[in-house]
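One structure is given here, and the rest of the page talks about it.
No lab work stands behind these numbers, since they all come straight from the coordinates. All of these numbers come straight from a predicted model, not from anything done at the bench. Note: ideal-geometry Cβ built from the backbone for every residue, glycine included; neighbour counts use all protein chains shown.
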Amino acid sequence: MQTNCTLYAKLVKNKRLQTYRLVFSFDAHNRITVQNAVLVTGDVASFTDSAEYVNYSLAQAIDVAKKQLRTNNVVML
């Protein structure tokens, strides 16, 4: 069953490991952190990867989140 809830996605940079990660939440009013997120991806790309690869990895992670959380409304913050 699909829902009409809006899913908020935030790109998080890990400076120590030099990687990117996506954090998903249904609540846009509070700070979105790894501790209060509904879904957190693993490291999807590193800082040294090309822009095309980073965009492709982010699109794949968003598609997985849409399927797991059963919504089509994703907003990047």
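Just give me the residues in the range 18-34 being in a strand (DSSP E or B) and either touching a residue at least 60 places away in the same chain (Cβ under 8 Å) or within 11 Å of the chain's Cα centre (by Cα) (or both), in sequence order.
First pass over the range 18-34, keeping only residues in a strand (DSSP E or B): 19-25.
Selection gives Tyr20, Arg21, Leu22, Val23, Phe24, Ser25.
Return the residue satisfying two criteria in turn: it lies in the range 45-68 and is surrounded by fewer than 16 Cβ atoms within 10 Å (Cβ to Cβ) and among the aliphatic types (A, V, I, L, M), and of such residues it is farthest from Cys5 (Cα to Cα).
My answer is Ala51.
If a residue has to be under 13 Å from the mean Cα position of the chain (by Cα), more than 17 Å from Lys15 (Cβ to Cβ) and assigned to a helix (DSSP H, G or I) to count, how many in the range 35-66 make the cut?
Here the count works out to 12.
Scanning for something among the charged types (D, E, K, R), exposed (fewer than 12 other Cβ atoms within 10 Å of the Cβ) and assigned to a loop (DSSP other than H, G, I, E, B), does the range 4-17 turn up at least one residue? Show your work before the answer.
Of the residues in the range 4-17, the ones among the charged types (D, E, K, R) are 10, 13, 15-16.
Within this subset, residues satisfying the condition of being exposed (fewer than 12 other Cβ atoms within 10 Å of the Cβ) are 13, 15-16.
Checking the rest, the ones that are also assigned to a loop (DSSP other than H, G, I, E, B) come to 15-16.
Checked the range 4-17: at least one residue is among the charged types (D, E, K, R), exposed (fewer than 12 other Cβ atoms within 10 Å of the Cβ) and assigned to a loop (DSSP other than H, G, I, E, B).
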